[in-house]
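Below is one structure, written out as structure tokens; comments come after it.
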Amino acid sequence: MVGLFAECDESFVSRGGAVSGTFQAPDLPNPNNISRQCLYTFIAAPGQRVLVEFRTFNLRGKPPDGAAVGELPACMHEYMDIYSEMTSLEASELVNSAFGGRYCGPIPPRRRVSLHRAVALAFYTDKPYTPPTLFTGTYRFINSSEFEVGSPVPNTLCSFVIEATKRKTGLLLSPTYPGIYPKDISCNYQFIGQPGQRIRLEFRDFDLFFGGPHCPFDWVRVYDGLDNSSAVIGTYCGQQRNLVLYSSDERLLVTFYTLPRAANTQNRGFKGIFEFSESFVKLDFISKHDAEHIRGSECDQKILSKKESTGFVYHPNYPFPYIQKVVCRYFIYGMQDSQNLERVRLEFQNFSIPKGENPKPDTCPDGYLKVYLRGQEATDSYDKHDAELCGEGAAGPPAFPPPLLSDGPRLVMVFSSGELQGRGFKAKYTFETEYRVPGTAAPGGECAFTYRSEAKKRGDFNSPRYPSNYPSRTNCTYTLVANPNEQVTVVFDHFKVKADAWNATAGLYGGATCSEDWVEAWWTGREGSRVPLGRWCGLATPGPLQSPRGALGLLLALHTDSEAVASGFKARYIFEPAKSIFGDCGGNMSGAEYGVIASPRFPRAYEAPARGDAARVCNWFVTARPGRRLLINFQTFAVEGHLTERGCPAAVLRLWYESPGPPLELCGEKAPTDRWQYLSSSNSIRLSFIIADKSVGAAGWRAIWTEVTTDTEGCANACAGACLPPSAACSGLQHCAGAPIKRPAHC
């Protein structure tokens with residue numbers, strides 16, 4: 001059917017000159033609605049290509065489903081077929097040529113560049129009249145030599161070898177740029193430089209079909225070497241901006257691949273410029289110093305921690321002065337995983353980046369070293385640097401720029417050398433464990449933190465990396481140092497320490513119950529003495545802690561084993577003026593055979609401390625005669641918390657009845673039938689009731705203490721392995737848990 005109505009076919013033929021022109025739709029009456037086809041052919045001279053571009057386009061085809069799904073765009077009644085990959089100039093070649101798409105409607109096809117020397121437009125219509133304004137366009141015959149970017153590889157369509165000995169710089173174009181690129185092609189561009197050279201490739205325009213982040217359809221892949229067995233710099237598709245790549249040595253391979261599918265996309269391909277040069281940065285300043293060159297960059301490097309390792313970074317061209325107009329990035333990354341979290345310390349040992357003459361203060365008008373401490377590179381936020389360094393550093397204070405410490409595991413530097421030449425820099429990096437614990441850290445980097453009243457009266461501390469899980473195989477200490485005549489209170493707001501085999505006896509914590517991970521606490525004295533307060537694990541939150549009057553402060557420790565981990569703890573501390581030895585209430589009890597101790601306001605509920613106070617504390621000291629012991633029975637007990645399920649975070653009663661040893665820690669509610677009764681190992685006991693500021697109050701407790709002996713032979717009033725004094729029988733008190741209160745007749 002081609003050429004049947006010859007009066008509407010048109011040919012545009014180049015005679016070898018730089019010819020351009022216009023074309024338009026035929027002025028075509030067709031009163032009988034006969035199917036008409038007009039063929040427009042554009043034929044270039046040898047050494048030329050054709051570029052065809054539509055200016056207006058408004059074909060009246062309608063897209064009912066007139067084609068097999070996935071094959072052609074569905075246009076009926078009026079459409080245009082495009083062929084731009086014809087290998088011969090014969091009109092019959094259309095049958096064999098790759099089909100470039102069928103178009104109708106108001107959106108013009110994108111420009112076309114012939115793959116060889118010809119483009120054909122087949123216009124089809126069965127409308128009664130075609131006005132010349134239906135479509136218009138321009139054509140131009142262009143020089144094909146710019147597509148021959150190097151020496152053609154024999155028997156290939158678009159593969160070239162580009163050698164530095166023939167051209168040091170030039171254009172790199174996809175086969176029909178800026179027209180739509182062909183489908184089902186594979187082009188190789190092999191760059192071969194001379195020893196000591198590197199290749200720079202800058203894409204000024206890059207527009208490929210985007211099939212997803214891994215580029216499964218059409219792609220450009222760049223290899224850092226001679227062939228496709230070399231390391232891949234990257235695979236690119238979609239639209240790329242500012243894509244600049246460097247080879248590591250004098251060889252580079254660029255491969256352009258497109259799928260053999262129907263052309264349903266209209267992408268331009270790419271236009272780049274290449275350059276062979278000996279003046280690009282030599283990479284030995286990276287490779288010699290335990291860093292890794294980031295493939296594809298001129299001089300970017302990355303340094304990964306080998307766990308608490310250290311090393312040095314240098315300016316490019318070290319130890320010689322640096323080259324002008326170079327930008328190098330340094331990515332220094334500490335460990336960050338379930339077991340490790342590091343930060344980066346940077347200390348300068350040489351520094352010279354000239355500012356030039358009469359610079360404004362605190363500016364870097366020429367070269368600079370920008371430092372990023374908070375991971376800004378992850379979002380390309382290079383405008384938000386933490387430090388911009390330049391000038392002359394001299395040995396001796398204030399010498400080089402001060403040490404820098406990353407906030408998190410990443411430190412990034414960007415060095416830009418500017419117009420002036422300088423001696424550059426040398427800096428030492430150290431990866432150190434980042435515990436994410438507020439407080440004054442130990443200088444050696446171990447997990448040890450100090451909180452001094454003179455520095456801060458109140459604050460927080462936590463297990464490493466809280467609220468994330470703490471690492472395994474870790475030991476941390478927290479030292480709280482009060483001023484003279486001060487006390488320090490610690491309140492836990494979160495506590496979850498791994499304890500799979502936790503079999504705590506209620507209220508009794510220690511080495512027997514916490515054998516995996518645990519928290520321990522001590523009172524500390526001024527001569528280095530320690531008094532143990534307990535060991536906690538599982539969900540049993542420690543009760544509020546307070547150093548006694550005259551103590552130096554508190555010491556807490558976290559121990560974790562090599563097994564599973566948990567979220568750990570968060571606590572706060574408050575330094576306050578010291579109270580009396582008895583606290584807010586409490587007292588001394590001695591010289592009597594028995595007595596009663598109860599929570600403040602009992603039988604009414606106890607109250608939270610006054611507003612602004614860290615805690616309300618009551619200390620009782622009970623002393624029996626020498627050789628005697630003390631039996632204490634809690635007749636009733638109701639304090640916020642639950643010994644095994646959540647511990648005693650808001651209020652706690654500590655009972656020292658066994659010495660040495662830590663105290664018994666009590667909270668929760670005693671059932672009427674439970675026996676909470678304890679026999680001291682010496683002639684004294686101590687009770688400390690601490691109510692934290694987050695307490696909401698509860699009914700409280702009442703306890704009866706009794707002076708006893710352990711000689712029960714012939715004892716008329718024995719209880720729990722002890723002998724009660726005769727006077728106890730007439731007291732009307734329940735000295736012995738579970739025993740009825742009876743007053744004998746002789747009372």
Worksheet item: Can you name the residue in the range 219-230 that is in a loop (DSSP other than H, G, I, E, B) and not charged (D, E, K, R) and is also farthest from the chain's Cα centre (by Cα) among such residues?
Response: Leu226
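Among Ala624, Ala650, which is the only one that is of a type in the set (Gly, Ala, Ser) and farther than 17 Å from Thr709 by Cβ?
Criteria check complete, one pass: Ala650.
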Worksheet item: In the range 706-732, what residues are within 15 Å of Tyr678 (Cβ to Cβ), surrounded by 15 or more Cβ atoms within 10 Å (Cβ to Cβ) and of a type in the set (S, T, N, Q)?
Response: Thr706
Item to complete: List every residue pair whose Cβ atoms lie under 7 Å apart, where the two residues are 6 or more positions apart in sequence or sit on different chains, the first residue falls within the range 222-236 and is touching a residue at least 40 places away in the same chain (Cβ under 8 Å), and the second residue, located anywhere, is of a type outside the set (Lys, Arg) and surrounded by fewer than 15 Cβ atoms within 10 Å (Cβ to Cβ).
Response: Asp224/Ala231
Worksheet, complete the sentence: Filtering the range 124-158 down to residues that are touching a Gly at 6+ places or on another chain (Cβ under 9 Å) and either exposed (fewer than 15 other Cβ atoms within 10 Å of the Cβ) or within 25 Å of Gln194 (Cβ to Cβ) (or both) yields Thr138, Asn143, Ser145, Glu146, Val149, Gly150
Practice prompt. Being touching a helix residue (DSSP H, G or I) at 6+ places or on another chain (Cβ under 9 Å) and among the polar types (S, T, N, Q) is the filter here, so list the residues in the range 263-319 that pass it.
Written response: Gln301, Asn317
Discussion item. Looking at (1) of a type outside the set (Val, Ile, Thr); (2) without any contact (Cβ under 8 Å) to a residue 24 or more places away in the chain; (3) touching a Cys at 6+ places or on another chain (Cβ under 8 Å), which one does Ser688 not meet, given that it meets all the others?
Written reply: (2)
Fill in: Residue check, Lys742 of a type in the set (Lys, Arg) and within 51 Å of the chain's Cα centre (by Cα)
no
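Table: residues versus (1) closer than 23 Å to Gly586 by Cα; (2) outside any helix (DSSP H, G or I); (3) acidic (Asp, Glu); (4) open to solvent by 30 Å² or more (accessible area, probe 1.4 Å).
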position	(1), (2), (3), (4)
Ala671	no, yes, no, yes
Arg675	no, yes, no, yes
Ile691	yes, yes, no, no
Ile704	yes, yes, no, no
Gln734	yes, yes, no, yes
Ala745	no, yes, no, yes
Item to complete: May I ask you to list pairs of residues, at least six apart or on different chains, whose Cβ atoms are under 6 Å apart, with the first in the range 640-669 being farther than 17 Å from Ala699 by Cα and in contact (Cβ under 8 Å) with a residue 40 or more places away in the chain and the second being open to solvent by 60 Å² or more (accessible area, probe 1.4 Å) and part of a loop (DSSP other than H, G, I, E, B)?
Response: Arg646/Leu539
Worksheet item: Does Ala441 satisfy the condition of being of a type in the set (Gly, Ala, Ser) and closer than 30 Å to Lys307 by Cβ?
Response: yes
Discussion item. With the structure loaded, tell me whether Cys328 is over 30 Å from Tyr435 (Cα atoms), touching a strand residue (DSSP E or B) at 6+ places or on another chain (Cβ under 8 Å), open to solvent by less than 20 Å² (accessible area, probe 1.4 Å) and in contact (Cβ under 8 Å) with a residue 60 or more places away in the chain or whether it fails that test.
Written reply: yes
Item to complete: Please enumerate the residues belonging to the range 168-184 that are over 25 Å from Thr87 (Cα atoms) and either surrounded by 14 or more Cβ atoms within 10 Å (Cβ to Cβ) or at pLDDT below 95 (or both).
Response: Lys168, Gly170
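Hey, any hits in the range 332-351 for a residue that's aromatic (Phe, Trp, Tyr) and modelled with pLDDT of 95 or more?
Among the residues of the range 332-351, at least one is aromatic (Phe, Trp, Tyr) and modelled with pLDDT of 95 or more, which makes the answer yes.
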Worksheet item: Which members of the range 281-298 meet the condition of being part of a loop (DSSP other than H, G, I, E, B) and either touching a Ser or Thr at 6+ places or on another chain (Cβ under 7 Å) or touching a residue at least 40 places away in the same chain (Cβ under 8 Å) (or both)?
Response: Val281, Leu283, Arg295, Gly296, Ser297, Glu298
Worksheet item: Restricted to the range 352-369, and to residues that are in a loop (DSSP other than H, G, I, E, B) and closer than 7 Å to Cys390 by Cβ, which residue is modelled with the highest pLDDT?
Response: Gly367
Item to complete: Consider Leu533 carefully, then state whether it is of a type outside the set (Ser, Thr, Tyr), outside any loop (DSSP other than H, G, I, E, B), under 15 Å from Ser453 (Cα atoms) and open to solvent by less than 10 Å² (accessible area, probe 1.4 Å).
Response: no
Discussion item. From the list Phe621, Phe569, Phe575, Phe602, exactly one residue is aromatic (Phe, Trp, Tyr), surrounded by fewer than 19 Cβ atoms within 10 Å (Cβ to Cβ), part of a strand (DSSP E or B) and in contact (Cβ under 8 Å) with a residue 40 or more places away in the chain. Which is it?
Written reply: Phe621
Practice prompt. Select, from Ala557, Ala482, the only residue that is modelled with pLDDT of 95 or more, open to solvent by less than 50 Å² (accessible area, probe 1.4 Å) and within 30 Å of the chain's Cα centre (by Cα).
Written response: Ala557
Item to complete: Give the range 185-218 a look and list any residue that's crowded, with 19+ Cβ neighbours inside 10 Å and in a loop (DSSP other than H, G, I, E, B), or say none.
Response: Ile185, Gly193, Gln197, Leu208, Phe209, Cys215, Asp218
Discussion item. Condition (residue is out of contact with any Leu (no Cβ under 7 Å at 6 or more places or on another chain), without any contact (Cβ under 8 Å) to a residue 24 or more places away in the chain and surrounded by fewer than 20 Cβ atoms within 10 Å (Cβ to Cβ)) applied to the range 265-280: is it met by at least one residue?
Written reply: no
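The values are calculated or read from the model by the stated rules, or taken from the named source; none is laboratory data. Keep in mind it's a predicted model, so treat the numbers as computed, not measured. All Cβ positions, glycine included, derive from the backbone under ideal geometry; neighbour counts span all protein chains shown. SASA here: full protein model, heavy atoms, side chains in, ligands and nucleic acids out. Shrake-Rupley method; radii C 1.70, N 1.55, O 1.52, S 1.80 Å.
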